[in-house]
1. In region B:161-192, what count of residues is obtained for those that are touching a helix residue (DSSP H, G or I) at 6+ places or on another chain (Cβ under 7 Å) and of a type in the set (Ser, Thr, Tyr)?
2. Quick one: would you say A:Gly25 is loosely packed, with under 15 Cβ neighbours inside 10 Å, facing chain B (nearest Cβ under 9 Å) and in contact (Cβ under 8 Å) with a residue 40 or more places away in the chain?
3. Go through B:Ala371, B:Ala362, B:Ala434 for me and flag whichever is of a type in the set (Gly, Ala, Ser) and free of Cβ contacts under 8 Å to residues at least 60 places away in the same chain.
4. Listed residues B:Arg454, B:Arg476; which is modelled with pLDDT of 95 or more, under 36 Å from the mean Cα position of the chain (by Cα) and within 10 Å of chain A (Cβ to nearest Cβ)?
5. Residues being in contact with a strand residue (DSSP E or B) (Cβ under 6 Å, 6 or more places away or on another chain) and either of a type outside the set (D, E, K, R) or part of a strand (DSSP E or B) (or both): count how many of those fall in region B:19-53.
6. Condition (residue is polar (S, T, N, Q), touching a residue at least 60 places away in the same chain (Cβ under 8 Å) and either within 30 Å of B:Lys575 (Cβ to Cβ) or assigned to a loop (DSSP other than H, G, I, E, B) (or both)) applied to region B:292-299: is it met by at least one residue?
7. Only one of B:Arg476, B:Arg466, B:Arg485 is in contact (Cβ under 8 Å) with a residue 12 or more places away in the chain, surrounded by fewer than 21 Cβ atoms within 10 Å (Cβ to Cβ) and within 20 Å of B:Phe189 (Cβ to Cβ); which?
8. Please work out which one of (1) over 11 Å from B:Gly151 (Cβ atoms); (2) among the polar types (S, T, N, Q); (3) outside any strand (DSSP E or B) is the condition B:Thr224 fails and give its number.
Amino acid sequence: MSAEEISFIEKYDLLGCIQCGRCTGGCPVSMRTHLNVRRFMYDTQNEERLEELSERPEIWDCTTCYTCAARCPKGLEPLEVLIGLRSLQIEEGRIQPTVRDALESIFKDGNPWGSPRAKRLDWVGDLDVKVLEPEAEEVTDVLLFVCCTDAYDPRVMKVAQSLVKVLQAAGVDFGIIGEDESCCGSEVRRLGEEGLFEMCDEENVELLNSFNVNRIVTISPHCYNTLKKEYHGLRHPVLHYTELVAQLLEDGKLTLNKEIGKVVTYHDPCFLGKQNSIYDEPRYIITRIPGVEFREFDRCRERSLCCEGGGGKMWVESESKAERLAEIRVTDAKEMGAEVIAVACPFCLLTLEDATKVRGIEEEMRVADILELLAEAL
Amino acid sequence: MNGKPKIGVYVCHCGTNIAGTVNVEEVRDFAASLPDVVVARNYSYMCSDPGQALITEDIKNYGLNRVVVASCSPRMHEPTFRKTLESGGLNPFYLEMANIREQCSWVHEDPIAATEKAKRLLEAAVVKARNLEALEQKEVDVEPSCLIIGGGIAGIQAALDIADAGFKVYLVEKSPTIGGHMAQLDKTFPTLDCSACILTPKMVDVANHPNIELMTYSQVEEITGYIGNFNVKVRKKARFVDMDKCTGCGDCAEACRLAGRIPNEFDEGIGMRGAIYLPFPQAVPAKYTIDKENCLFLAKGKCGETPKCQEVCQAGAINFEQQDEIVEFKVGTIIVATGYDVFDARKKPEYGYGIYDNVLTALEFERLVNASGPTGGKIVMLERGKKKKKKEEEAEAPKVPKSITFIQCVGSRDKSVGNEYCSRVCCMYTAKLAHLVKDKIPDCEVTIFYMDVRAFGKGFEEFYDRVRREGVRYIRGNPSEIFRRGDKLVVKAEDTLTATPLEHETDMVVLSVGLVPRSDNREIIDILKLSQSSDLFYLEAHPKLRPVDTASDGIFLAGVCQGPKDIPDAVAQAKGAASAAMIPMAKGKVKVEAQTSVVNEETCRGCGFCVELCPFTAIELVEVNRQGWPVKVARVNEALCKGCGACVAACLSGSIQQRSFKDNQLLPQIKVLGVK
């Protein structure tokens, strides 16, 4: 551990913990992995054991969904302790190859997917999208922060394309950063690479502040959370697209004409729901799509089940062979008679869609971002 | 006595509280060097008998006419030393205190700097003491009557004690009956006394007591005045039933078109009532009330041809023309016993309360196990919000749960909902409810999830031992979430003793909700200017030594409105509040503040700024004749003035001075403290 001003115990207020067990009780992966976050809250109080604890493989099972912190009666954030242990590993240079590649790719090309910066605009295709100039005289209403996954992943880029269509239909004045856009660093911080995250924070804040815009809109709840709550000195207000689109619908600026005659349910992304209390806007949007019959999961809103896509899990394979939470999720959706699981997060989209394939129900169960449904209903 | 000041200075060690940090000898020698100081002493405990004797002896021997005590806060011992001066034959207002404990030795570590500060504080007190004046403490008569707000067990007990002692009591209760939460409970822990059996006789005593005037369905609207002479205004809400005529027969309630269709507050919404109702059979007074929000005739202007209740009431007691009535009376003292709300479990959405029919609060469950409750004491699975079934299906008996799970600390010890405190009763009422389940359904699997069991009271630990041996399973771990799997509820938790995460399937979940300040507390706070502690319960005057008093003289606290407590503690506090309230009433007279404000009517411009500012409505504008011209000037009612000084600071023309804090007393003090 580097010579820090405050100790591990003080940093995470470990002595405030009363070992009540709500963190592990609520932890979505506690039943399928060896992770018991309450025990880490206790064991890390012995600083001599930190190195040994940081070598435990289960610290990489945490999805950083935040349930443990949301439930903690003492206002502590147990997940941060696990991130702190990951940092110790990274500082020691003990790092899994997949994680190392993702972090190097962010450092080099500004994205975790190992793709060159020059390909960052490929998703735009023949859509007509304004690329913003820094320090422009004219104000643009919305800066669209696209997210690496939306920009590079061939499946997820359809979501970004849908958002462009929706915003154009609503007459919103918006633009994107273009090739200079870099990863927000949400996953970087959660993988424990503190130094690289500080760089993302500084460089992105400087870049974003250079644009003459009224507000920033993100597609991914992970970017949203980081820009809104973890950056230092960002001048512009940050919105998630569901907030903007719900407002457009309410103001009558967006009209939906085509019927989507499907039974639709909605899966709350942890970074939108549990971490930012955005529950109503996505539902408001879905229930205004013509022909949609909306059904709630039993486990919804504050009790929603994590899909296991966050916390760097896209680059870390769990040792557990037990049923994935995303599989439980798609099975539940099928049992309630849903035909579409709507999501509002690129990771949820990928994990749930993958789960429908594992379960062999990809023909009968569609996983789609709310934006894709909206674009189809225009 | 008003000749040259002869000042005695006394420096207290307070054991090591002061002397451990401040060099008391040095402070004493410094005091002796100040002008007009004729004697300076230090002593281990000035407040002790021998300490006080030093002062009275010196008054005699040196002819002292001013005394300065350098010790603790005046809040602590000013009354003590004022009495010392009196017994030495000196006007008590010739005392000045220098606080060298709370404001010096307790908060500083460097002994040299602390000693220098103590000297400065002492010198400031000495220069102020030089110009102190004798004041006269007036007495006012005390009205021999008491207002009690709230008719739960605390209010009831206080009312009975005071009334039995021969004083008049006005007991004001907001709901249609007295009894409070205790009337809703089935058995009480740890003795398993039937709650209603021990409470209802007291309720009847209240109704029959010649010294108690009971006002139910009533609200305090306004209180003015001061200890001994409070003027109270109460709104008696219209019940639309003539209290003198109603016999309590209940024909009206049966006839009401809405009978069985409105959730009964007393049954926590599990049982139903009509628009005209008696909350429960033993209600006091045993008179019916029409709820005007729901009554078809009152809310919509039409209830069939004629309202059914009116049709069947043989006493002719129904009166739809009845209006709210305002009653005014005087009292000498006030006891606030407004009780509590239970924590709103919806604020913890992870437990699914309000979503799942069979996630209940403990108070709902209390009504479910209660023999006088809506199921006659049968514990059955609930189907909430379902309309009454058609007759043929009615035969289907409600299901009995095979497993019931309790979750403790819901809304207590929980920063995430803003309640950091322990509610003190939940561990035990949970054990009691678990026992009742085992008693009624022996093969029911009963599980209690807990984080700590706090069995601190008389007989509590023994009861906890007994309940465990009855087969109630205690699992250490506070659950995090509830969801549904098939027709079962799943409690997601960790058994922290074995570090096993688990999904516990059960039929019914009971949330052991904590006690919270009433949502309508603000009304009483505004009327009485009460303070709140950080937990938002009402604040007592001193946590150890004045636990039933408030900061306002003559106003006392009883029961859970001051903080969570069980029935015996609430009763004990009520008895304490009753006896405290009876002290001024028994004396018949009470001293009022002497350090009041006084207006110079020659220079007052009558702007009225002070009138608006005064928090005690002690100032009014009066017309006086100034050299043939009628002018308005401010005048202070000395009985109402509390000596807060707000008017003095605000007066635009400098026409108000406060006794003992006049310019010629304060300015020299400021000079000493401000200029080296």
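The values are calculated or read from the model by the stated rules, or taken from the named source; none is laboratory data. As the structure is a computational prediction, the values presented were derived from the model and not from experiment. All Cβ positions, glycine included, derive from the backbone under ideal geometry; neighbour counts span all protein chains shown.
1. Final tally of qualifying residues: 1.
2. Values: loosely packed, with under 15 Cβ neighbours inside 10 Å: no; facing chain B (nearest Cβ under 9 Å): yes; in contact (Cβ under 8 Å) with a residue 40 or more places away in the chain: yes.
In short, no.
3. B:Ala434
4. Numbers: B:Arg454 fails: within 10 Å of chain A (Cβ to nearest Cβ).
When all the criteria are applied, what remains is B:Arg476.
5. 11
6. We begin by selecting, within region B:292-299, every residue polar (S, T, N, Q); these are B:294.
So of that shortlist, the ones also touching a residue at least 60 places away in the same chain (Cβ under 8 Å) come out as none.
Among the residues of region B:292-299, not one is polar (S, T, N, Q), touching a residue at least 60 places away in the same chain (Cβ under 8 Å) and either within 30 Å of B:Lys575 (Cβ to Cβ) or assigned to a loop (DSSP other than H, G, I, E, B) (or both), which makes the answer no.
7. Numbers: B:Arg476 fails: within 20 Å of B:Phe189 (Cβ to Cβ); B:Arg485 fails: within 20 Å of B:Phe189 (Cβ to Cβ).
On inspection, the qualifying residue turns out to be B:Arg466.
8. If we test B:Thr224 against (1) over 11 Å from B:Gly151 (Cβ atoms); (2) among the polar types (S, T, N, Q); (3) outside any strand (DSSP E or B), just (3) comes out false.
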